[in-house]
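Worksheet: one structure, shown below.
Quick note: the coordinates plus some simple rules give every number you see, no bench work behind them. Here the structure is a predicted model, which means the values were calculated and not measured. Glycine also receives a Cβ, built like all others from the backbone with ideal geometry; neighbour counts cover every protein chain displayed.
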Amino acid sequence: MHSSVGTEGLFLLPNADRHVFPAMFKELEDIQPQYNIESFGVSITTMEEVFLKVNELANERKRLEEGAEEAMDYGDHNREYEKLENARTSTRYTGAAYYWQHTKALFIKRGIFFLRKWTQFIPQLIIPVLYMALLVWASGQIPGPKEQDPLNLDMFPYAKGEKANVYTLSDMADPFKKIILEENKDLGLNAIITSSNSTLMMEKIVDDTKSKGTRHFGLHNPVGFNYVTQNITAFEETANPITVNITFLNSAFNNFALHSPAVSVVIADTFLLRQLLEREDINIHVVNHPLPPTNSDSLKNKDISGSSAFLYGYAVIVSMSMVVSGFSSFLIRERKKKSKHMQMMAGIRPWLYWLTTAVWDGVCFLIPTFLFILVFKLFNIKQYISRGESIGELIIIMLLYGWTAIPFVYSFSFVFDTAPKGYTLIVMFNIVTGMIGSIAVPIISQTANDDIAYTWEVLLSFVFPTYSLANCFTKLYNNEFGREACESVCKTSLFASLAPTCCGNADERIYTDNILSTFNKKGLAYAIIFFVIQGFFFWFTTIAIEKNWWGKVRGMCKSRGKKGFANNGFSWDGEMETNSIEDSDVIAEKHKMANANGSDATVIVKDIKKWYGNNNAVKGITFHVDKGDCFGLLGVNGAGKTSTFQMLTGENDVSEGDAFISGYSVRTNWRDAGERIGYCPQYDAIIKEMSGEETLYMFARIRGIHENQIPTVVNSIIDAIGIGIYAKRQIKTYSGGNKRRLSLGVALVGMPEVLLLDEPTSGVDPKARRVIWDILSKVRELGTALVLTSHSMEECEALCTNLAIMVYGKFKCLGSAQHIKSKYGEGYTLLIRVDENNAEKVKREIFARFPGSILKEQHVQQLNFELKRNHRQTWSMLFDELESMCEPFNMSDYSLSQTTLEQVFLEFSREAANI
Ligand SMILES: Nc1ncnc2c1ncn2[C@@H]1O[C@H](COP(=O)(O)OP(=O)(O)OP(=O)(O)O)[C@@H](O)[C@H]1O
């Protein structure tokens, strides 16, 4: 006996004993009613089986030559399959411990990925910091305004081109000349223009002014001196007035000459000191320092602070965009690879998945955040780090940006199918939206006015978080710049009263003390509120997409519409429902399941339908699978197999009908249903940076298996699926066959009640395929209900107790493989080897003995006939006829087999194609 599947047994008959086949089949036909044998048939050993046999013999030799390790992969696994029993656990974590296991599994997964794929984090965590450092350094290289040299207050400016003059009385001329020339040695003093008394001197000045012109006179005649004697009347304590004669030294200056008052006073003071002290060596040197900045300096200064603030804003846009966009990569990969769905199916709750993701990404976000502050500290950007408050404000702004930008990236990540594309486009979106505002708002402010610019600033901050962040950085910088500049001004009470923009009240000042809570142009209160709102909004969006709320609402609306339409006898896509007569077994199954309770079988699928827009991919199929049975869904590409699976696994909504897994509806109680399913999807839904063992550990934790039992469970699965020597290697090094085995292993963790296998052996070599079949047979024996889809008839024959052929979303037939072959098989295939001389005679004889036969092919020595099926003709009669022809017609060899499942399948497909 070669194998047995459900109610079918497969026996290998030796070709050498072909002569006893008639008698053997006769006996079998005789005892058929007695032993309740429904049907039996004959097929020929396939080339694949021959290949496997040869391979097995070769490996036997290899095993002997190379030792045990390689043999593990190729050898017999029977003993190992027994260990699958250990993959089942009786107790599981519940409550908080269950969720803690999930949390642990999710964090370990992220940690492993981080360590193995650390290069991916360079553009996310390192380059942004280096970029920020480079721009901060560059901003420090912009030359600042230079302090002006002290300005000597002397006569030089007035002796340019034309020599200067000094007006004074004749008797004072010499001392003044001496003082002026001592102090200004190279001065080309033209003359001391003297006069004998003050009145005459004043007249001369007036005349000279008139003749030379006010401006010209003013630039070369800055100062003048004379004595004035006056009688001053004063009152003593007794109130008797006394008159005193006082001489004043008049120090005159020309107000066209800017420095003249100081120059005049200093010359006069020197004169008086020399007179009083009777010394000639006293000089007073006066300078003006510090000078107020020149207009060009003021402009330069404004540029510097403006361009630095812009540079930091720009740097933060690019750096932060790179940081947050990186969070999309892992999510896109995990979702697209279906690994996320597998984790959800195994028990991970969406809220926990997103919470752990956010915590992990949040911690990753903190790294560059604090490194940015370190960069500001290293390059001594005082505006950000000189006060504790400003560091605090900077941190609050960045954290709030994280709160907004991380869920924003999560929502956006659903749009993309590949991680590099997603990362690049999200980075670009963030940079472009950040830059648009940063460039546009200052332009609007210059071309229109500040109020319009502010309105745009608020609007753009509301829509684009990255612009808002850059704006916060710029404002924070300018605010601190203003505060610093004003600090020295306001120290002096004289200036304080003159500079309300620095020292006035909160409305007058150019800066604010509480930038985070100020609601006007100077503050960031709006930005803070927007960050909070945006954060909530993007979290809501993420959850809505995750839960497919929008799809559900649309689905509800559509299914209502479809039901109304379908009542008219038309399908939704406008086609008439085909009136092809349904197979009796399919109808019987529908009737049987119509009144079945959800828990009457392990899997019950009741008239389930799937619509993709107007495309009705699954048109109402019904079947059930009992414990320890295997149900196969056979169908060509696009028949609706995967759609059916996706509805059972919760990956896609059920449009109509329902399905029950161990009594739990996949429509209303998917979580409980999903936890009872082990799913092996069509594509390997695994994270290739993890090892096979790590992957199995992760799923064991997700299934809630007790920590101390996990090693036993995982090791037994590793042994059973035969990846022992690869278990600790990264999955990306695995061959296709080993990846499929691992996917199967993942589905087996905890030995769920139902195993859904979507083309479990696609792309696998014949040997690995047999290994997978063996595992599945063992799993079935252990009581798990299996549902599998396949393109391989052989696979279904080998594994399935029942199968259905699905065409365009409908079942064409249903039952065991032998039942379907017997019911739909049109005839037999007969291959005969003869020598060339007898070929014509044999042909004639076959046509005579088996009327209606067709010669399908003829090669040199081989004839290929299709014999028409005749219900009166039994297997024993057929073999009898053929055996009797062997000798007379010199037939060296022949083989007879019934119609294969493949032929039945092709017939259904052909029929469907002709509809
Ligand atoms: N997400 C989708 N949106 C729209 N149409 C879809 C979607 N998924 C599948 N379809 C369509 O539904 C039909 C059934 O597809 P499905 O993938 O279920 O078939 P299948 O039998 O599993 O094919 P295969 O063997 O190639 O996996 C096809 O016409 C397919 O184009």
Can you list the HN-Hα couplings for the range 761-771, worked out from phi with the Karplus curve (6.51, -1.76, 1.60; θ = phi - 60°), rounded to whole Hz and with x for Gly and Pro? 10, 5, x, 10, 6, x, 5, 5, 4, 4, 4
Plugging the Kirkwood radius over Cα pairs into Stokes-Einstein for the range 791-915, at a temperature of 25 °C and a viscosity of 0.890 mPa s, what D comes out in µm²/s? 152
Please identify every one of the trypsin sites (Lys or Arg not before Pro) in the range 364-472 that sits in a loop by DSSP and has no more than 14 other beta carbons within 10 Å of its own beta carbon. 387
Spin-label point model (7 Å from Cα, Cβ direction): what's the residue 283 to residue 96 distance in nm? 8.9
Could you derive backbone 3J(HN,Hα) for the range 271-279 from the dihedral phi with the Karplus parameters 6.51, -1.76 and 1.60 (θ = phi - 60°), listing whole Hz in sequence and x where the residue is Gly or Pro? 4, 5, 4, 4, 4, 5, 8, 6, 10
Find the relative contact order for the chain and round it to a whole percent, using C-alpha pairs within less than 8 Å whose residues are 6+ positions apart. 15
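Calculate, in nm to one decimal, what residue 708 and residue 765 gain on full extension: separation in residues at 0.36 nm each, minus their alpha carbon distance. If you can, show how the numbers build up before the last one.
On the way: separation 57, 0.36 × 57 = 20.52 nm, distance 3.59 nm.
Roughly 16.9 nm would be gained on extension.
Over all distinct Cα pairs, what is the inverse of the mean 1/r for the chain, reported as the Kirkwood hydrodynamic radius in Å?
36.9
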Karplus (6.51, -1.76, 1.60) ³J(HN,Hα), θ = phi - 60°, over the range 875-880, in Hz, Gly and Pro reported as x: 4, 5, 5, 4, 5, 4
With only Lys, Arg, Asp and Glu charged, each at its Cβ (+1 for the first two, -1 for the last two), find how big the charge dipole of the range 340-491 is about the Cα centre; round to the nearest 20 debye. 400
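To the nearest 20 debye, what charge dipole does the chain have about its Cα centre, counting +1 at the Cβ of each Lys and Arg and -1 at the Cβ of each Asp and Glu? Could you put the intermediate results ahead of the total?
Working: 92 positive and 101 negative charges, 191 e Å.
Computed about the Cα centre, the dipole is about 920 debye.
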Here FRET efficiency (C-beta to C-beta, residue 556 to residue 30, R₀ 56 Å, nearest 0.05) is 0.40
At 222 nm, what value in deg cm²/dmol follows for the chain if DSSP H runs of at least 4 each add -39500 (n - 2.57) and the sum is divided by all its residues, to the nearest 500? -17000 deg cm²/dmol
In Å, the Kirkwood hydrodynamic radius of the range 151-288 over pairs of distinct alpha carbons? 16.1
Expected unfolding gain across residue 1-residue 366 under the 0.36 nm per residue rule, minus the alpha-carbon gap, is 124.8 nm
Return the distance in nm (one decimal) between the two label points of a simple spin-label model at residue 845 and residue 391, each offset 7 Å from Cα along Cα→Cβ. 10.4
Per-residue Cβ contact counts at 10 Å, fewest first, order 874, 243, 784, 357 as 243, 874, 357, 784
Pseudo-spin-label distance residue 910 to residue 415, built 7 Å along Cα→Cβ, given in nm, is 5.0
